[in-house]
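Engineer: Sharing a structure with you now.
FYI, it's all coordinate maths here, none of it is from the lab. Quick caveat: nothing in here was measured; it's all calculated off a predicted structure. Neighbour counts run over all protein chains shown; Cβ positions are idealised from the backbone, glycine included.
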Amino acid sequence: MIEKDLPEMPCRELVEVISDYLEDRLSPVDRARFEAHLAECEACRTYLEQFRQTIRALGRLPEESLSSEARNALLDAFRGWSHR
Amino acid sequence: MLRLALSRVESRAVAEEVVQDAWLTVLRSLDRYERRSTFRTWVLGIVVNLARSRARAERRAVPLSSEFVPSVDPARFLPADHPRWPHHWAVEPAAWRTPEDELLAGETRKVILEAIDALPPAQREVIVLRDVEGMPSTDVCNILALTDTHQRVLLHRARSRVRHALERYFAATEAT
């Protein structure tokens, strides 16, 4: 129904709304424009895939551990607390 | 917690103090935890508050810039008056040849961490909580006192910059 006559979503606009697209926050019209453009633009498909890879890589960063000094100070604090 | 604290204060030593203070605050105020949020959200909220007051104390005011900053360098797109492809890619993103499971190998991980460090504090907080910690957006908005829209703008800018850092890194290393 909304397939035809939509103004095209150029690459420059698409790169601004990728997070909204991924979180399903685009209006139905913009979503249709987004997907119509993507179907025809390999560069934007590449960009989207790299964006997804970036998010996945961020999610797999190991939690940075505290330095041993800080850890010891923390343990002391815990000990002090449990003796109260 | 540490990375979150680091997003507001200058040095690692100060960030570690903030994390310690946060644990002490958690222990002291456990009886005031009201279960209106998950425990994790409550704890991270304490970290943010302490880090912010610490940063204020250390004179670093954090401006919330609201002006529009493009996610991708405008020079990479064709001009609006291009006869055939207005606002389409002029310099297309090159495919990454590095397989995804190598994306967290030592060097690449360093690139990502450095990119996070280079972000403005507000963007850094959001991307750490959302993408690194995997926290839902409603919790992030609560902790950081952001509107939903502002949170999404900050997150998208931050992700765009990290992707760009990876792109630059791969362009340099894969070229050979």
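Engineer: Please compute the Kirkwood hydrodynamic radius over region B:2-60, one decimal place, Å, based on all pairs of different Cα atoms.
Structural biologist: Numbers: mean 1/r = 0.0865 Å⁻¹.
Computed over Cα pairs of region B:2-60, the Kirkwood hydrodynamic radius comes out at 11.6 Å.
Engineer: Pairs of alpha-carbon atoms within less than 8 angstrom and 6+ residues apart define the contacts here; what relative contact order does region B:2-60 have, in percent? Intermediate values should be presented prior to the final figure.
Structural biologist: On the way: 39 pairs, mean separation 27.7, N = 59.
Here the relative contact order equals 47 percent.
Engineer: Evaluate the distance, in nm, between pseudo-label points positioned 7 Å from the Cα of A:Glu8 and of B:Thr149 along their respective Cα→Cβ axes.
Structural biologist: Simple spin-label model gives 2.9 nm for this pair.
Engineer: Compute the relative contact order of chain B as a whole-number percentage, counting only Cα pairs closer than 8 Å that sit 6 or more residues apart in sequence. Numbers along the way, then the final one.
Structural biologist: Numbers: 140 pairs, mean separation 40.7, N = 176.
Worked out over chain B, it gives 23 percent.
Engineer: If you don't mind, another one. Using Cα atoms only, what is the angle between the long axis of helix B:148-174 and the major principal axis of chain B, expressed in degrees (0 to 90) to the nearest 10?
Structural biologist: In chain B, helix B:148-174 runs at an angle near 50 degrees to the longest axis.
Engineer: Give a residue-ordered list of calculated ³J(HN,Hα) values for region B:88-105 (Karplus: 6.51 cos²θ - 1.76 cosθ + 1.60, θ = phi - 60°; whole Hz; x for Gly, Pro).
Structural biologist: 9, 4, 9, 10, 6, x, 7, 4, 8, 8, 5, x, 4, 6, 8, 5, 10, 5
Engineer: Say we join alpha carbon atoms closer than 10 Å with springs in a Gaussian network model of chain B; which of B:Ala122, B:Ala165, B:Ala13 then has the biggest fluctuation?
Structural biologist: Residue with maximal mean-square fluctuation among B:Ala122, B:Ala165, B:Ala13: B:Ala13.
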